[in-house]
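Trainee: Got a structure for you, questions after.
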Amino acid sequence: MSGARGLTAANDVSAPNDLSAWWLPFTANRAFKARPRIITRAKDMHYYTPEGKPIIDGSAGLWCVNAGHNRDSIVSAIQAQAAELDFAPAFQFAHGIGFTVASRIAELAPGDLDHVFFCNSGSEAADTAIKIAMAYWHTQGQGQRTRVIGRERGYHGVGFGGISVGGISANRKVFGTLLSGVDHLPHTYNRAEQAFSRGEPEWGAHLADDLERIVALHDASTIAAVIVEPMAGSTGVLPPPKGYLKRLRQICDKFGILLIFDEVITGFGRTGFAFAAERYGVVPDIITFAKGVTSGTVPMGGVIVRKHIHDAFMTGPEHIIELFHGYTYSGHPLACAAALATLDVYRDENLFERTRQLEDKWADAFFTLKGLPNVIDIRTLGLVGAVELSSRPDAVGKRGFEAMERGFHEHGIMVRTTGDTIAVSPPLIVTEDQIGEIVDKIATTIRAVA
Ligand SMILES: Cc1ncc(COP(=O)(O)O)c(C=O)c1O
């Protein structure tokens, strides 16, 4: 093995002495390994480095640790489940806790989104949703409805379905021809019209009308579904323009197209509701979720579908499998135990409602960053905030990268960056004092990378 930078004694798994073998995902590996950002422990709102230095978690890990880190009840539930039932197949067999979790999730979902299909990640959820949408049209004798319409700047994970309907060029351009027959709505961001909007911008509902153009081009009879994130997270936090999602729903209804909300980030409280669908008063046909369902503790994802979609599959001989799809770890017992304990924390601590109550204070704090060097936009929604910085003339994304790196090493904060946008989404247990601390640290970081 080639010698990566030595850190500490061999066999100390919390601070390894050879960093070469792990090819890190979505990471600038060489820069990381030259100056690693290693985390050994976490509790509530903080991570801790091998030296014991606290790092305030401004990103809920990867938008997933909504209940805060290492919550005792969640830890105990996972430990107890591991001792009771480590694994059981969910193909032709099942376990009680899976049904309980599915019912709890269905209860939180709007309208008649009553049935839950489990997988293990947001990427699997997006691909599962696309497959269910296509297969549904087969049950309706409309198997030619195979097109899926995504949106520019959308992120739906890294499976081939997800990157095809997603709208991030770097995630698509080196992976061949992708899924055929997709098209994209325009993204909803326009700095000239929307900069420094608090929450949902006033401008942009009309962008949903582009779906009419796409329908005119391909014909509704070829389109299975539209998939969008209610708030685009990964491409820099783009709250939906006021009225946009309702308009999208109306146009989908007009042409009989299924509407999929990818709620992998917005689900489980991030916007102040169990799902953003509730915030916007729009009932999609399919919702994808992951991340917050277990507060990031054990991988879990899933797809919630409306009753008529589920029921459409429940025909034919009863010994025949209705949907040829699933994962070995769909509804893994440890993930189910983690989900149940996490949903209890959300309910018992009113974390979704609390997010709604904190939203204004969060936005007030965030908007104090206006006027700092290079700040060209600020966007907020629920407990999410983004500060967009102008790019260094020589290198798009470099200022953002430096902000993330210096934030961690010098200012004790973890944030996500996308290009030159700093995205912040703390655990929903964040206190008002900690909101102040997070925003102060971001301000210091922004000045440091001026
Ligand atoms: C909206 C959305 N969909 C899908 C995904 C992919 O989730 P995962 O990384 O768990 O596959 C993400 C991840 O950030 C996401 O934000």
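Trainee: Just to verify a result, which residue in segment 258-271, among those that are in contact (Cβ under 8 Å) with a residue 60 or more places away in the chain and under 14 Å from D285 (Cβ atoms), is surrounded by the most Cβ atoms within 10 Å (Cβ to Cβ)?
Mentor: Restricting to residues being in contact (Cβ under 8 Å) with a residue 60 or more places away in the chain and under 14 Å from D285 (Cβ atoms), the top hit is D262.
Trainee: Here is a further query. Of all residues being closer than 23 Å to A386 by Cβ and polar (S, T, N, Q) in segment 44-81, which is nearest to the ligand (Cβ to nearest atom)? Just the residue, please.
Mentor: Step one: of segment 44-81, the residues closer than 23 Å to A386 by Cβ are 45-47, 55-69.
If we keep only those that are polar (S, T, N, Q) too, we end up with 59, 66.
Working: S59: 11, N66: 13 Å.
Going through the qualifying residues, I end up with S59.
Trainee: Let me ask something else about it. Just to be sure I understand the filter: pairs with C-beta atoms under 8 Å, separated by 6 or more residues or on different chains, first member in segment 104-125 and under 15 Å from D262 (Cα atoms), second member within 16 Å of the ligand (Cβ to nearest atom) and of a type in the set (D, E, K, R). Which pairs pass?
Mentor: Cβ pairs passing all conditions: G122/D262; G122/K291; A125/D262.
Trainee: Could you tell me which numbered condition E152 fails, if it satisfies all but one of (1) out of contact with any Gly (no Cβ under 6 Å at 6 or more places or on another chain); (2) within 16 Å of the ligand (Cβ to nearest atom); (3) farther than 25 Å from L351 by Cα?
Mentor: Result: E152 passes all but (1).
Trainee: Determine which member of the set D262, D253 is among the charged types (D, E, K, R), modelled with pLDDT of 95 or more and under 14 Å from the mean Cα position of the chain (by Cα). Don't jump to the end; show me each part of the working.
Mentor: On the way: D253 fails: under 14 Å from the mean Cα position of the chain (by Cα).
Result of the check over D262, D253: D262.
Trainee: Then there's this: Identify the single condition in (1) under 11 Å from G58 (Cα atoms); (2) part of a loop (DSSP other than H, G, I, E, B) that I429 does not satisfy, given that it satisfies every other one.
Mentor: Of (1) under 11 Å from G58 (Cα atoms); (2) part of a loop (DSSP other than H, G, I, E, B), only one is false for I429: (1).
Trainee: On to the next question. Does I130 satisfy the condition of being farther than 15 Å from I287 by Cα and either within 16 Å of the ligand (Cβ to nearest atom) or not small (G, A, S) (or both)?
Mentor: Working: farther than 15 Å from I287 by Cα: no; either within 16 Å of the ligand (Cβ to nearest atom) or not small (G, A, S) (or both): yes.
For I130, the condition - farther than 15 Å from I287 by Cα and either within 16 Å of the ligand (Cβ to nearest atom) or not small (G, A, S) (or both) - is not met.
Trainee: Mind counting the residues in segment 344-398 that are within 30 Å of G292 (Cα to Cα), surrounded by fewer than 16 Cβ atoms within 10 Å (Cβ to Cβ) and small (G, A, S)?
Mentor: Residues flagged as within 30 Å of G292 (Cα to Cα), surrounded by fewer than 16 Cβ atoms within 10 Å (Cβ to Cβ) and small (G, A, S) within segment 344-398 amount to 1.
Trainee: Any residue that is at pLDDT 95 or above, assigned to a loop (DSSP other than H, G, I, E, B), surrounded by 13 or more Cβ atoms within 10 Å (Cβ to Cβ) and within 16 Å of the ligand (Cβ to nearest atom) - is there at least one of those in segment 88-103?
Mentor: Looking for residues that are at pLDDT 95 or above, assigned to a loop (DSSP other than H, G, I, E, B), surrounded by 13 or more Cβ atoms within 10 Å (Cβ to Cβ) and within 16 Å of the ligand (Cβ to nearest atom), one finds none in segment 88-103, hence no.
Trainee: Further question: Within segment 282-301, how many residues are more than 9 Å from the ligand (Cβ to nearest atom) and in a helix (DSSP H, G or I)?
Mentor: Number of matching residues: 3.
Trainee: Sticking with this one: Quick check on G162: is it of a type outside the set (A, V, I, L, M) and in contact with a His (Cβ under 6 Å, 6 or more places away or on another chain)?
Mentor: Details: of a type outside the set (A, V, I, L, M): yes; in contact with a His (Cβ under 6 Å, 6 or more places away or on another chain): yes.
Considered against the rule, which asks whether it is of a type outside the set (A, V, I, L, M) and in contact with a His (Cβ under 6 Å, 6 or more places away or on another chain), G162 comes out as yes.
Trainee: Here is a follow-up. Looking at I320 and the list (1) buried (at least 24 other Cβ atoms within 10 Å of the Cβ); (2) part of a loop (DSSP other than H, G, I, E, B), which single condition is not satisfied?
Mentor: Unmet condition: (1).
Trainee: Across segment 197-252, what is the number of residues that are in a helix (DSSP H, G or I) and among the β-branched types (V, I, T)?
Mentor: Residues of segment 197-252 in a helix (DSSP H, G or I): 205-218, 220-222, 244-252.
Within this subset, residues satisfying the condition of being among the β-branched types (V, I, T) are 214-215, 222, 251.
Summing the residues that are in a helix (DSSP H, G or I) and among the β-branched types (V, I, T) in segment 197-252 gives 4.
Trainee: Quick check on this structure: which one of G272, G236, G204, G181 is within 16 Å of the ligand (Cβ to nearest atom) and either in contact with a Ser or Thr (Cβ under 9 Å, 6 or more places away or on another chain) or within 24 Å of P427 (Cα to Cα) (or both)?
Mentor: Values: G272 fails: within 16 Å of the ligand (Cβ to nearest atom); G204 fails: within 16 Å of the ligand (Cβ to nearest atom); G181 fails: within 16 Å of the ligand (Cβ to nearest atom).
Going through G272, G236, G204, G181 in turn, the sole match is G236.
Trainee: Taking the stated definitions as given, is K173 away from the ligand (no atom under 12 Å from the Cβ), within 23 Å of R306 (Cα to Cα) and basic (K, R)?
Mentor: Working: away from the ligand (no atom under 12 Å from the Cβ): yes; within 23 Å of R306 (Cα to Cα): no; basic (K, R): yes.
Here the answer is no, as K173 does not meet what is asked.
Here's the yes/no breakdown for (1) part of a helix (DSSP H, G or I); (2) among the hydroxyl-bearing types (S, T, Y); (3) over 23 Å from the mean Cα position of the chain (by Cα); (4) within 22 Å of L62 (Cβ to Cβ):
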site: E353; (1), (2), (3), (4): yes, no, no, no
site: W362; (1), (2), (3), (4): yes, no, no, yes
site: A365; (1), (2), (3), (4): yes, no, yes, no
site: K370; (1), (2), (3), (4): no, no, yes, no
site: E405; (1), (2), (3), (4): yes, no, no, yes
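Trainee: Between G181, G199, G150, which is within 21 Å of K131 (Cα to Cα), under 19 Å from the mean Cα position of the chain (by Cα) and in contact (Cβ under 8 Å) with a residue 12 or more places away in the chain?
Mentor: Working: G181 fails: under 19 Å from the mean Cα position of the chain (by Cα); G199 fails: within 21 Å of K131 (Cα to Cα).
Checking each option against the conditions leaves just G150.
The values are calculated or read from the model by the stated rules, or taken from the named source; none is laboratory data. Quantities reported herein were computed from a predicted structural model and do not represent experimental measurements. Using ideal geometry, Cβ is built from the backbone for each residue, glycine included, and neighbour counts are taken over all protein chains shown.
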